[in-house]
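Beneath this line is the structure, given in structure tokens, with notes to follow.
The values are calculated or read from the model by the stated rules, or taken from the named source; none is laboratory data. What you see is a predicted model; the values in this text were computed from it and never measured. Cβ coordinates were reconstructed from backbone atoms using ideal geometry, including for glycine residues, and neighbour counts include every protein chain displayed. Only protein heavy atoms, including side chains, enter the accessible area calculation; ligands, DNA and RNA are left aside. Shrake-Rupley method; radii C 1.70, N 1.55, O 1.52, S 1.80 Å.
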Amino acid sequence: MEKQIFRIAIDGPAGAGKSTIARMAAGKLGFIYVDTGAMYRAIALFCLRQGILPKDEEAVSLAVKEAQITISHVGGEQRIMLNGEDVSGQIRTEEVGNTASTVSAYPAVRAHLLGLQRNLAAGASVIMDGRDIGTCVLPDAETKIFLTASPSVRAMRRFKELKEKGIMCNLQEIEQDIIERDQRDTSRAAAPLKQAEDAVLVDGSDMTIDQVVNAIMDAAISHGLKVK
Ligand code: DC
């Protein structure tokens with residue numbers, strides 16, 4: 001019997017819980033989890049290290065050609081390599097996240113990563129999360145989810161996360177940051193964040209992680225995913 005290839009695209013704004021949910025669902029299903037935000041973050045880190053101003057589209061577009069991004073999976077975890085160096089930990093700062101939001105608006109940056117993203121989904125069952133997976137990267141994905149939550153819920157989750165790591169932070173500033181990031185991600189011309197027409201909308205504001213994971217599994221099953 002031929003192996004079933006099934007692709008689940010999860011898009012949504014920053015802090016909606018996409019990576020936690022996608023990682024859990026991928027673990028349950030035995031799918032490969034692909035975090036595309038990490039790729040934009042690696043490009044952002046490269047620019048910051050090179051001293052390139054994120055707002056300088058020409059310089060970023062030129063520099064991106066020197067940034068070779070590769071992905072490997074160790075024990076189900078995605079590791080992201082920038083020119084051969086594992087930068088999986090270093091990309092998780094607010095500065096890198098905000099820079100990623102700026103440089104991801106540039107068509108040259110998006111074009112640089114598109115092939116890599118599609119290759120990772122070629123011939124394998126994946127759960128891929130990002131902003132444009134259902135609309136641009138995998139328009140034929142069997143299941144598309146648009147996962148969102150209110151800005152205040154997302155800010156509170158981020159606040160708790162940072163506090164647990166012992167990082168000083170201010171809830172209002174975090175919420176403001178989230179609103180600005182949403183604005184940048186949805187208003188850019190190149191592959192903006194938006195719900196694909198055929199995506200299932202999941203508002204996780206008042207849902208537990210397990211409830212969201214189950215909602216995604218149910219959507220996939222209703223689209224033909226066979227689970228043992
Ligand atoms: O999901 P994240 O916070 O790690 O993503 C960082 C930034 O990368 C986000 O603000 C927008 C950009 N991004 C994108 O433009 N397209 C994607 N598919 C994933 C992320």
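Condition first: open to solvent by 10 Å² or more (accessible area, probe 1.4 Å), over 20 Å from Ile174 (Cα atoms) and of a type in the set (Gly, Ala, Ser). Now tell me which residues in the stretch 13-37 satisfy that.
Scanning the stretch 13-37 gives Gly27, Gly30.
Out of the strands (runs of 3 or more DSSP E) lying entirely within the stretch 121-228, which hold 2 or more residues that are polar (S, T, N, Q)? Steps first, please.
Values: elements: 126-130, 143-148, 200-203.
Once the strands (runs of 3 or more DSSP E) in the stretch 121-228 are filtered for at least 2 residues that are polar (S, T, N, Q), what remains is 143-148.
Name the single residue, out of those in the stretch 109-138 being away from the ligand (no atom under 13 Å from the Cβ) and not β-branched (Val, Ile, Thr), that is farthest from the chain's Cα centre (by Cα).
That would be Gly123.
Checking the structure you have, find out if any residue of the stretch 38-49 is more than 14 Å from the chain's Cα centre (by Cα) and open to solvent by 60 Å² or more (accessible area, probe 1.4 Å).
Yes, because at least one residue in the stretch 38-49 is more than 14 Å from the chain's Cα centre (by Cα) and open to solvent by 60 Å² or more (accessible area, probe 1.4 Å).
Residues being within 10 Å of the ligand (Cβ to nearest atom), modelled with pLDDT under 95 and either touching a strand residue (DSSP E or B) at 6+ places or on another chain (Cβ under 7 Å) or in a loop (DSSP other than H, G, I, E, B) (or both): count how many of those fall in the stretch 87-104.
Total satisfying the criteria: 1.
I'd like the full set of residues that are in contact with a Gly (Cβ under 9 Å, 6 or more places away or on another chain), in a helix (DSSP H, G or I) and away from the ligand (no atom under 14 Å from the Cβ), limited to the stretch 12-48.
Hits for the stretch 12-48 are Ala26, Gly27.
Among (1) under 30 Å from Ser222 (Cα atoms); (2) touching a residue at least 60 places away in the same chain (Cβ under 8 Å); (3) under 17 Å from the mean Cα position of the chain (by Cα), there is one condition Arg188 misses while meeting the rest; what is its number?
(1)
Kindly establish whether Glu175 is within 15 Å of the ligand (Cβ to nearest atom) and free of Cβ contacts under 8 Å to residues at least 60 places away in the same chain.
Values: within 15 Å of the ligand (Cβ to nearest atom): no; free of Cβ contacts under 8 Å to residues at least 60 places away in the same chain: yes.
For Glu175, the condition - within 15 Å of the ligand (Cβ to nearest atom) and free of Cβ contacts under 8 Å to residues at least 60 places away in the same chain - is not met.
Here's a check for you: in the stretch 97-131, which residue that is open to solvent by 10 Å² or more (accessible area, probe 1.4 Å) and of a type in the set (D, E, K, R) is farthest from Ala22 (Cα to Cα)?
Restricting to residues being open to solvent by 10 Å² or more (accessible area, probe 1.4 Å) and of a type in the set (D, E, K, R), the top hit is Arg110.
Going residue by residue through the stretch 152-175, is there one that turns out to be among the β-branched types (Val, Ile, Thr), open to solvent by less than 80 Å² (accessible area, probe 1.4 Å), at pLDDT 95 or above and within 22 Å of Ala38 (Cβ to Cβ)?
No, that holds for no residue.
Only one residue in Lys163, Lys144 is among the basic types (Lys, Arg) and farther than 16 Å from Ala16 by Cα, so which one is that? Working first, answer last.
Values: Lys144 fails: farther than 16 Å from Ala16 by Cα.
Criteria check complete, one pass: Lys163.
Would you call Ile52 modelled with pLDDT of 95 or more, within 15 Å of the ligand (Cβ to nearest atom) and either part of a loop (DSSP other than H, G, I, E, B) or crowded, with 21+ Cβ neighbours inside 10 Å (or both)? Give the steps one after another, and end with the answer.
Numbers: modelled with pLDDT of 95 or more: yes; within 15 Å of the ligand (Cβ to nearest atom): no; either part of a loop (DSSP other than H, G, I, E, B) or crowded, with 21+ Cβ neighbours inside 10 Å (or both): yes.
Spelling it out, it is not the case that Ile52 is modelled with pLDDT of 95 or more, within 15 Å of the ligand (Cβ to nearest atom) and either part of a loop (DSSP other than H, G, I, E, B) or crowded, with 21+ Cβ neighbours inside 10 Å (or both).
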